[in-house]
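See below for the structure under consideration.
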Amino acid sequence: MKPSEKKPDIIFRIIDKESLEPVGSYSRAYCKEYDFFSVNEARNANFHGEFKDKEKYKIAKYKVTYTLINDDCEE
């Protein structure tokens, strides 16, 4: 998922079961990619199949929300 594009309502992230931290998958175009459109896309994010290891990684589902804090920060 391109960093500059608006996220969909639901995204999926790869989570390391030991550290409980999100894990990014290297992308030549975007450096580290953390947000994926589906469980399948997240599991297949790594060319070597590293994220298919269900003992080490889980896939978390997030609802993305945008909350407007200030509509004009330069005032």
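Here are the numbers:
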quantity	calculated
Residue (of 37, 15, 26) at the positive-pole extreme of the stretch 10-63, dipole from beta-carbon charges	37
Extended-chain gain in nm, criterion 0.36 nm per residue less alpha-carbon gap, residue 7 and residue 40	10.1 nm
The chain pair-distance distribution - Cα-Cα, 10 Å bins, rounded %	18, 46, 23, 10, 3, 0
About the Cα centre, charge dipole magnitude for the chain (Lys/Arg +1, Asp/Glu -1 at Cβ), debye	580 debye
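A short reminder: the numbers here are calculations on the coordinates, not readings from a lab. The shown structure was predicted, so the numbers you read here are calculated from the model rather than taken from an experiment. Virtual Cβ from ideal backbone geometry, glycine too; neighbours counted across all protein chains shown.
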